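Notes follow the structure.
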Amino acid sequence: MQHSRIHNGEKPFTCDVCHKGFFYKSSLVTHFRTHSGYKPFTCDICHKGFFHKFILETHARIHSGEKPFSCDICHKAFKQKCPLMQHILSHSGEKQFFCDICHKAFAFRSSLAKHARTHSGEK
């Protein structure tokens, strides 16, 4: 029953502070740490605090230099999965983000956002 929420989009648990919705109560409880300032996970090296264990684990790669995610095509390595996924698009040539004004195509949303400033004059 709870898993079906992911498919139907139902988010019955809402944060009283920012009104963000969640599929599970446990996710709301974890999210609330962002507002409370409670950061139970601390880096042993720089003593920076984090409210999620996985964020601490990702942060630790800054100190270790570990890059566990690598491209199957060119073997370039990354500290996080998201940059790897963006990198893979550079090999495919796929451009799924289009400018509404000039219709130029971009592989990355960030590239489109940067391009959009050329139309608005924003720096």
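The values are calculated or read from the model by the stated rules, or taken from the named source; none is laboratory data. All figures in this text were calculated on a predicted structure; none of them were measured in a lab. Cβ sites come from the backbone with ideal geometry, for glycine too, and all protein chains shown count toward neighbours. Accessible surface areas use protein heavy atoms only, side chains included; no ligands, DNA or RNA. Shrake-Rupley method; radii C 1.70, N 1.55, O 1.52, S 1.80 Å.
Here are a few things to note about the model shown:
- Among the residues making up the range 47-74, those that are open to solvent by less than 60 Å² (accessible area, probe 1.4 Å), more than 21 Å from SER92 (Cβ to Cβ) and outside any helix (DSSP H, G or I) are GLY49, PHE50, PHE51, HIS52, GLY65.
- Residues of the range 75-103 that are exposed (fewer than 14 other Cβ atoms within 10 Å of the Cβ) and farther than 30 Å from SER64 by Cβ: SER92, GLY93, GLU94, GLN96, PHE98, ASP100, ILE101, CYS102, HIS103.
- Pairs, first in contact (Cβ under 8 Å) with a residue 12 or more places away in the chain in the range 8-26, second of a type in the set (Gly, Ala, Ser) and in a strand (DSSP E or B), C-beta under 9 Å, six or more apart: GLU10/GLY21; LYS11/GLY21; PHE13/GLY21; THR14/GLY21; CYS15/GLY21
- All told, HIS19 meets the bar of being over 18 Å from the mean Cα position of the chain (by Cα), at positive phi and open to solvent by 60 Å² or more (accessible area, probe 1.4 Å).
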